[in-house]
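The values are calculated or read from the model by the stated rules, or taken from the named source; none is laboratory data. Since the structure is predicted, the reported quantities are computational estimates derived from the model, not experimental observations. In this analysis, Cβ positions are derived from the backbone assuming ideal geometry, glycine residues included, and neighbour counts consider all displayed protein chains. Each accessible area value is taken on the protein alone, full model and side chains, heavy atoms only, with ligands, DNA and RNA left out. Shrake-Rupley method; radii C 1.70, N 1.55, O 1.52, S 1.80 Å.
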Amino acid sequence: MAWKKTALAWIAGLTLAAGSLTAVAQQAGTQFVGITGYRVGPYGANGAAFFGGFTDYLQLVNARDGGINGVKLSWEECETEYNTAKGVECYERLKARADTGPTAIHPMSTGITYALLDKAPADQVPLITFGYGRTDATDGRVFPWVFPLMSNYWDAATAIIKFIADKEGGEGGLKGKKIVLLYHDSAYGKEPHAVLEAEAKRRGFDLEMIPVPHPGNEQQSQWLQIRRIRPDWVILWGWGVMNATAIQTAQKVGFPRDRMVGNWWAGSEIDTEAAGPAAKGYYAASLNLAGKKFPVVQDIEKIVYGKLNVGGDPKLIGTVLWNRGVAAAMFTLEAVRTAQAKYGKKPMNGAQVRWGLEHLDLSAKRLQKLGFGAMLPPIKVSCENHGGSGEVRFQQWDGSAWQAASDWMKGDSALVHRMIEESAAKYAAEKGIKPACLGG
Amino acid sequence: MLYREAGQFKTSYRADQQIFPILQDRIGMLVLGFVALVGVPLVASEYWLTAILIPLLVFSLAAIGLNILTGYAGQLSLGTAAFMAVGAVATYNFQLRVPGIPILVSFLLGGGTAAAVGAVFGLPSLRIKGFYLAVATLAAQFFIPWLLVKVSWFSNDSASGVITTQPVEILGFTFDTPLRKYLFALVVVSVLALVAKNLVRSHIGRAWMAVRDMDVAAEVIGIRIVRTKLVAFAVSSFYCGIAGALYAFAYLGSVETDGFNLDLSFRILFMIIIGGVGSILGSFLGAAFITLLPILLDVALTEGATALGLQLPSGMTSMVQLVVFGALIIFFLIVEPLGLARLWQIAKEKLRLWPFPH
């Protein structure tokens, strides 16, 4: 049985090889960006778009600008398959790759975010959670290393209510109306409950919350229930296949799609294209606009996909999640640039990037200059507010593409702010953290 | 030549009943223990501790738990991850809600809660067997995570349902660094593995094996089937519960109920199938195979591609890794259907004769 021996010897050899290989360093003098991404597994389609945009932007900055202030970028993507244990393994691996650490980590998964929450401060690695993760981490005095940039779920929920109120004739327009929240029956789907209940009480509308069990590809009974309730609006808080099914079933029971508003995980082309013509008129809150009309997108198409030909799937360019990936990469790099202004033009370590994130100031003018234009709202981060604007923009599906349906707008930020502070204080007490701002 | 027991005489029952009757094995275990306790802390990097060794220990413990139930008592279960979730959440809640409770007591109570839940879900085993029982335990796998998400009391009303665990502190000493967490996990797993080894050699273990091999015959010779099966479920779930608590407290630092899914149950089942059904050593070998091999392949592929100057599309290595991993599982099952533990046993028998096999 010689082949058996050969195979066993091979395995033994591989084991030894891997042990010696785990500590390969980055290219010297570059800003190393560690990426914990996923392009396979159950959410591979979402990850492929997001991380495709992310790496394309890094390629663009290297090719077009020669890095950040002359510091070239290097990066490595480690596949997590959206699995928390694998995410932690990737994080540990990437952390050790460079002396300056992995710059900043975008976990892109609630589970991985939570698992890294305690590790990040100890390792001095900033976490950027762009539209997911722990909402109360917006309080930077309790969570100095976590940056839920732009908006969180509670911002989104109150903004959706405000959007609906505007459609119903302003501030008092919701009195006596009926709104149904159709949510994914998981921790994620329960996130907006408390905020919506507070809003229902304040604005005087009836709120019904109907769960859809995972994965949500059968919603006949839920929609029959909705038909009995006869709501004025339906808020869709879904994920994956549940979104398209909800839109299609709404058509089947005759509920108007232009009375349905989704959140940003229920508002990508993946959802509406799967729903087909039924999706026409459907609204969704969005963190960023879709489309190819922004100069940065055109640059990527021209340079990364055209001249260099190192891009990913060209079909993804300009989709909601791809654009979000480009924006996420931009946040990381702009934090590095901000930090460089203080610490000098060399690769920045975790603590310096953290300082850069906390002093990130992306004004409308700056966004224009970076080529993002109206894709994102202006963002100003501070120690007290690690989120930024809290603004979302509504888009409507016209049957073939997303069209902006509102300006950047804020929900009830006073309410959200109060709830964040309460929740963060509770966490600080539980963990024995003394809330304070970290300096440079 | 080195591995011969010639000249080692056993003169008492005590000597005859040792776990490791051969001197070389005892020395080997001592060396292994020394390496794990002293050698590893001296040389292991943080990556090795947090990403490889701690999960390895945790999954070994879970595999021991399942092996007790499936390997020794012959009751197929697909609810391992659910019992781990019970252990993790229960430990968290005991620590949170009982003021001043020592963490080790919380661990024991967490394991005890898992044992109670396991015994309840073990009730169907009194009537149904084999694959039908597997389907019944599948109910636990669906029901428990659903319940833990549904009732937000379990996660202390955390908005996202994910729990952050409390620090592990024993007599004023905090296990906070990766090295300390590793040592904590090592001690817990070693003690429990020793207990398990002795348990399966005792009358309880013999009763389990009798039930596994033929329950009617076992009943005829006076073994109480009901109690034996329920004890197996309880002990197994206790081990899984402690493994779950370690997973939360020493490994990830958080509990996400969705992480304890059917996929994890299957992974642990594969661990014992590959490692060796009905073997404590096999639980460790199987856990090592299933947790380490994907990482190894991933690292080897990434580094190999870089060394050869290839720019692999991201996600590609993951696909290749899955294919190779699957092929290796099939390879091992063909070479040795009884698992890695059996392979090790054969190697030992060969070593006894080596280098003069005739």
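Odds and ends about this structure:
- Search result, residues across segment A:380-420 that are free of Cβ contacts under 8 Å to residues at least 24 places away in the same chain and over 25 Å from residue A:202 (Cα atoms): A:380, A:400, A:403
- On inspection, residue A:210 fails the criterion of being within 17 Å of residue A:411 (Cβ to Cβ), open to solvent by less than 10 Å² (accessible area, probe 1.4 Å) and not in a helix (DSSP H, G or I).
- Test: residue A:203 is open to solvent by 70 Å² or more (accessible area, probe 1.4 Å) and either within 20 Å of residue A:176 (Cα to Cα) or more than 14 Å from chain B (Cβ to nearest Cβ) (or both): no
- Qualifying position, being part of a helix (DSSP H, G or I) and away from every other protein chain (no Cβ under 14 Å), among B:76, B:66: B:66
- Selection count where residues are touching a Lys or Arg at 6+ places or on another chain (Cβ under 9 Å), crowded, with 18+ Cβ neighbours inside 10 Å and over 18 Å from residue A:391 (Cα atoms), scope segment A:351-380: 3
Condition check ((1) in a helix (DSSP H, G or I); (2) within 11 Å of chain A (Cβ to nearest Cβ); (3) within 17 Å of residue B:93 (Cβ to Cβ)) across all residues:
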| position | (1), (2), (3) |
| --- | --- |
| B:108 | yes, no, yes |
| B:115 | yes, no, yes |
| B:135 | yes, no, no |
| B:139 | yes, no, no |
| B:147 | yes, no, yes |
| B:158 | no, yes, yes |
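- Residue within segment B:123-132 that is buried (at least 22 other Cβ atoms within 10 Å of the Cβ) and in contact (Cβ under 8 Å) with a residue 40 or more places away in the chain present: yes
- Among the residues of segment B:220-272, those that are surrounded by fewer than 24 Cβ atoms within 10 Å (Cβ to Cβ), in contact (Cβ under 8 Å) with a residue 24 or more places away in the chain and of a type in the set (Val, Ile, Thr) comprise B:225, B:226, B:228, B:231.
- For segment A:426-440, the candidate set comprises residues that are open to solvent by less than 70 Å² (accessible area, probe 1.4 Å) and more than 14 Å from chain B (Cβ to nearest Cβ); within that set, the residue that is farthest from residue A:341 (Cα to Cα) is A:436.
- Residue list for segment A:306-316, restricted to those being touching a residue at least 60 places away in the same chain (Cβ under 8 Å) and more than 13 Å from residue A:64 (Cα to Cα): A:310, A:311, A:312, A:313, A:316
- Entry remark, segment A:161-190: residues being open to solvent by 10 Å² or more (accessible area, probe 1.4 Å) and within 14 Å of chain B (Cβ to nearest Cβ) number 7 in total.
- Residue count for segment A:372-410 satisfying the condition of being within 20 Å of the chain's Cα centre (by Cα) and of a type in the set (Gly, Ala, Ser): 8.
- Residue list for segment B:178-198, restricted to those being within 12 Å of residue B:19 (Cβ to Cβ), of a type outside the set (S, T, N, Q) and out of contact with any Ser or Thr (no Cβ under 8 Å at 6 or more places or on another chain): B:194, B:195, B:196, B:197
- In summary, residue A:255 fulfils each of the numbered conditions (1) surrounded by fewer than 23 Cβ atoms within 10 Å (Cβ to Cβ); (2) in a helix (DSSP H, G or I); (3) touching a Phe, Trp or Tyr at 6+ places or on another chain (Cβ under 8 Å) with the single exception of condition (2).
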